[in-house]
Structures are given as structure tokens and as C-alpha cells.
Amino acid sequence: MASVEYVNVGKSFGAVKVMEDISFTISDQKFVVLLGPSGCGKTTLLRMTAGLETIADGEIHIGGKRMNNVHPRDRDIAMVFQNYALYPTLKVFDNIAFSLQVRRQSKDEVKKQVEWAAELLNLTPYLARYPKELSGGQRQRVAMGRALVRHPQVFLFDEPLSNLDAKLRGQMRYEIRRLHDRLQTTTIYVTHDQIEAMTMADEIVVMRDGEIEQIGTPEEIYDRPANCFVADFIGSPSINFLKGEIQGTAGQQTFHAGGMVLPLPAQTKAEPGQKVTCGIRPVDIAVGPDGPVKAEVVLVESTGAESHLLLTIDGQEIRAVAQGRLRARPGDICGLSIDPATLHLFDAGSEQRIN
Ligand code: ATP
């Protein structure tokens, strides 16, 4: 097991620079998720770690050793791909055993390792089948089995669950995380799915356009997003953004957007007169008859356990999530209460968090 360190890493494809000056460290035994929209550079960073892309700018260290000129085979990492990359003509046993057979390990040792991985991954009944005779989830487990038997210093996962249906994805999320808890191998996991990031990661690295926007635990990223981009990317349904201005005097400030006035926490660092974007998560809005902020109901959707509401306040749309089933109908006027402590304030210009 090992730490992974990125030092001023950059990447260009031809004349196009896709990543610049990436520096961060993944501690030994951590499960770190690289999260960001399509094209932000997550896969490229993972492939550079694996040795599948060159590292022209900066350095990558695994276990304290500089990897720039180390052959992929000698990096002691194992990668699980989105498309599983199984050998169709080999049975499950031989797919899992492949890397060990290449390394000429004894038959007994190979058998022991494959049976160990199969047991961990609930694949024992399927060892004699071909990949085409397996479900998507089982194929995904075979791909993991191939990585496990190598006992690498670091596991790299590239969107491993994106070909699975929603229910299986949920189950595999749990299985991969549980496996990590047992084996404690440093893991880097790439996804654009914020639910995977929130549920699996010790730490999330949020990326955009080849740069890091924020690094933190899932709670830190959710509770204190560093900027509007991170706030918008994390949380479902998405956070509401209201553009407005700070008024009042120090210690008694309010946020004003159209006719809407929200009190701010006494210790806010926002300045009177400052133009801000106020982020309010839908789950932080309490909907009832008596709340101080009047809003008109536009749409109510029930998921069974929750009601998702689209409301308007002075023509501004805002989404709220309430537990249980609300009797509200389109056109009803209701009252919203918002705890000042749950508001996220960002400077309107820089979009960076104010406090
Ligand atoms: P996705 O979630 O869609 O896989 P990603 O965040 O993993 O996206 P990358 O695949 O790392 O993004 O790509 C980052 C950028 O680099 C993109 O703009 C992409 O078009 C570009 N890119 C990646 N590989 C190459 C390549 N071989 N040649 C040229 N450009 C590339």
C-alpha cells in the first residue's frame, strides 16, 4: 500500500492544454474519488497515474517513488476499466488468473489466489463460465477479481459502474467500499456521479476544465462548497442560486433578492452593499402554511417518501424538498422558512464562497 502524490502535473495533447499545475496528495489507505463533468481531465489523470499516458509536466510519486519513467507494469497498480476489458475466450477462472499466469506463479498459488478473490466477490459459482454467460454486475466483479489477485499498492477505477443499472450500481458501490474497508488498499476512483463520490469517498477531488476546484471529505464539500460550481455539482436536486445584494449593518445583515429578504448569520463576512449569489439547498427549505417567505406553488412531484416542489417568489423559481406527501397544489401560496445557518453565500463576481 502507498500514498500517491501529484506535483505540478500538467498535460497537453498536441497544442491543446487539458490540465495544468495539479498538486495534491492521496494518503496511504485512502479511498479518493476524482469527480467532475465529462472532459474535465479525470480519466487523463488516472491514466497518467497508471502509466497509460506520459507525464510530460510535473511528477507523480507512488509510495514515495517518482513514476515518470517507470513502465506501467512496474508501477504496482491495478486498474479496473469501465468496459471491464475481459477476455471473451477465457473462463472466469482464467480471466482472474491471467496476470498471475503471465508472471509464471505456481498452479497451486494461482488457484489459491483466484479462489480467494472469487470468495470475496461472490464469484465462486461462476468460475467455469465465460464472460458472455454472466450478468453485467458479475462481469464487473470479474474485472475487480483480476485487479485483486495482483495485491497492488494502489487500485485505480475508471467509472467502473457506469454500464450497470441504477439498482446494481447502488449494490456495487457498497461492495467496492466494503472491499476497501477490508483490504485498506489506496484507491483512486474516477466518476462523474456525485452520489458515488458522496457515498464512497474518504476524500473527493472536484475537478473542472483540468483544474482542481476543491478537495475535502464528502461532508466538507457538501456543507462548505468552495464556489458556485462545486455547490451546483454536489447535491440532488441541485442547489438554488438567487442573485441579490447584502444590506444592513454588521451583525444584522440581510440578503435581498427582488422582494425576498433573508436574515444572515450574525458572523457573516459578507459586506453591506456586496453583490452576492445565495445558494439554498432544496432540503434546507421548510415548506408550511406559516413560514415568513411567501411563495407560489408551480409543481409538486412525489417520489413516495418525499415531495419535490417547484415554487416562485417574485418570479424567481426555487426548488424545495419536503419529507412525506404535501397536499399543496399548483397556485397555492405557502410560507417558506430557511435557517440562516444553511445559506451559502458566494461573491457574485468571483463565485467564490464568502464564509
Ligand atoms: P469523461 O467523464 O467524459 O471520461 P474526463 O473528465 O475523464 O471525461 P478526459 O478523458 O480526461 O476527461 O479528457 C480531458 C480532456 O482531454 C478532454 O477535453 C478530452 O477531449 C481531451 N483528451 C483526452 N484524451 C485525448 C487524446 N488522446 N487526444 C486529444 N485530446 C484528448
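The values are calculated or read from the model by the stated rules, or taken from the named source; none is laboratory data. All figures in this text were calculated on a predicted structure; none of them were measured in a lab. Here Cβ is always computed from backbone atoms with ideal geometry, including for glycine, and neighbour counts include all displayed protein chains. SASA here: full protein model, heavy atoms, side chains in, ligands and nucleic acids out. Shrake-Rupley method; radii C 1.70, N 1.55, O 1.52, S 1.80 Å.
Looking only at the range 203-218, how many residues end up being more than 16 Å from the ligand (Cβ to nearest atom), touching a Ser or Thr at 6+ places or on another chain (Cβ under 9 Å) and open to solvent by less than 30 Å² (accessible area, probe 1.4 Å)?
Residues that pass the stated criteria total 1.
Does Ile176 satisfy the criteria of being in contact with a strand residue (DSSP E or B) (Cβ under 8 Å, 6 or more places away or on another chain) and either modelled with pLDDT of 95 or more or within 24 Å of Asp21 (Cα to Cα) (or both)?
Numbers: in contact with a strand residue (DSSP E or B) (Cβ under 8 Å, 6 or more places away or on another chain): yes; either modelled with pLDDT of 95 or more or within 24 Å of Asp21 (Cα to Cα) (or both): no.
So Ile176 fails the test.
Kindly indicate which of Ile60, Ile22 is open to solvent by less than 10 Å² (accessible area, probe 1.4 Å), over 20 Å from the mean Cα position of the chain (by Cα), more than 10 Å from the ligand (Cβ to nearest atom) and under 21 Å from Asp202 (Cα atoms).
Of Ile60, Ile22, the one residue that is open to solvent by less than 10 Å² (accessible area, probe 1.4 Å), over 20 Å from the mean Cα position of the chain (by Cα), more than 10 Å from the ligand (Cβ to nearest atom) and under 21 Å from Asp202 (Cα atoms) is Ile60.
Tally time: how many residues in the range 172-194 are over 16 Å from Ala143 (Cα atoms), part of a helix (DSSP H, G or I) and not charged (D, E, K, R)?
3
Test Thr54 against the criterion of being open to solvent by less than 50 Å² (accessible area, probe 1.4 Å) and within 16 Å of the ligand (Cβ to nearest atom), and give yes or no.
Answer is no for this residue.
What tally of residues in the range 145-182 results from selecting those that are under 24 Å from Ile60 (Cα atoms) and more than 17 Å from the chain's Cα centre (by Cα)? Step through it out loud before you land on a result.
Initially, the range 145-182 is screened for residues under 24 Å from Ile60 (Cα atoms), giving 147-148, 150-160, 180.
If we keep only those that are more than 17 Å from the chain's Cα centre (by Cα) as well, we get 147-148, 150-154.
Count: 7.
Restricting to the range 179-202, and then to whatever is in contact (Cβ under 8 Å) with a residue 24 or more places away in the chain and charged (D, E, K, R), can you tell me which residue is most open to solvent (accessible area, probe 1.4 Å)?
Taking the range 179-202 first, the residues in contact (Cβ under 8 Å) with a residue 24 or more places away in the chain are 179-180, 182-202.
Right, trim to charged (D, E, K, R) and you get 182, 193, 196, 202.
Details: Arg182: 158, Asp193: 35, Glu196: 8, Asp202: 47 Å².
If we take residues in the range 179-202 being in contact (Cβ under 8 Å) with a residue 24 or more places away in the chain and charged (D, E, K, R), then Arg182 is most open to solvent (accessible area, probe 1.4 Å).
Give the residues of the range 289-314 that are more than 10 Å from Cys334 (Cβ to Cβ) and touching a Ser or Thr at 6+ places or on another chain (Cβ under 8 Å), sorted by residue number.
To start, the set of residues in the range 289-314 that are more than 10 Å from Cys334 (Cβ to Cβ) comprises 292, 298-308, 310, 312-314.
Pro292, Val298, Val300, Glu301, His308 - these are the residues of the range 289-314 that are more than 10 Å from Cys334 (Cβ to Cβ) and touching a Ser or Thr at 6+ places or on another chain (Cβ under 8 Å).
Can you tell me which of Ala320, Ala270 is without any contact (Cβ under 8 Å) to a residue 60 or more places away in the chain, on the phi < 0 side of the Ramachandran plot, touching a strand residue (DSSP E or B) at 6+ places or on another chain (Cβ under 7 Å) and of a type outside the set (Ser, Thr, Tyr)? It would help to see each step written out before you state the result.
On the way: Ala270 fails: without any contact (Cβ under 8 Å) to a residue 60 or more places away in the chain.
Ala320 is the lone residue from the list that is without any contact (Cβ under 8 Å) to a residue 60 or more places away in the chain, on the phi < 0 side of the Ramachandran plot, touching a strand residue (DSSP E or B) at 6+ places or on another chain (Cβ under 7 Å) and of a type outside the set (Ser, Thr, Tyr).
Within the range 261-291, take every residue that is surrounded by fewer than 21 Cβ atoms within 10 Å (Cβ to Cβ) and among the basic types (Lys, Arg) and give me the one that is nearest to Leu326 (Cα to Cα).
Lys275
Could you run through the range 25-40 and say how many residues are surrounded by fewer than 22 Cβ atoms within 10 Å (Cβ to Cβ) and within 9 Å of the ligand (Cβ to nearest atom)?
Going through the range 25-40 one residue at a time, the tally reaches 3.
From the list Ala231, Ala197, which residue is assigned to a helix (DSSP H, G or I), within 16 Å of the ligand (Cβ to nearest atom), within 26 Å of Val18 (Cβ to Cβ) and touching a Pro at 6+ places or on another chain (Cβ under 8 Å)? So that I can check it myself, show each step before the final result.
Details: Ala231 fails: within 16 Å of the ligand (Cβ to nearest atom).
On inspection, the qualifying residue turns out to be Ala197.
Return yes when Tyr87 is among the hydroxyl-bearing types (Ser, Thr, Tyr), in contact with a helix residue (DSSP H, G or I) (Cβ under 8 Å, 6 or more places away or on another chain) and open to solvent by 20 Å² or more (accessible area, probe 1.4 Å) and no when it is not.
Numbers: among the hydroxyl-bearing types (Ser, Thr, Tyr): yes; in contact with a helix residue (DSSP H, G or I) (Cβ under 8 Å, 6 or more places away or on another chain): yes; open to solvent by 20 Å² or more (accessible area, probe 1.4 Å): yes.
In short, yes.
Filter the range 298-355 for residues that are basic (Lys, Arg) and assigned to a loop (DSSP other than H, G, I, E, B); which is most open to solvent (accessible area, probe 1.4 Å)?
At the first step, the residues of the range 298-355 found to be basic (Lys, Arg) are 319, 325, 327, 329, 353.
Filter again for assigned to a loop (DSSP other than H, G, I, E, B), leaving 325, 327, 329.
Values: Arg325: 180, Arg327: 220, Arg329: 162 Å².
Applying the filter and picking the extreme gives Arg327.
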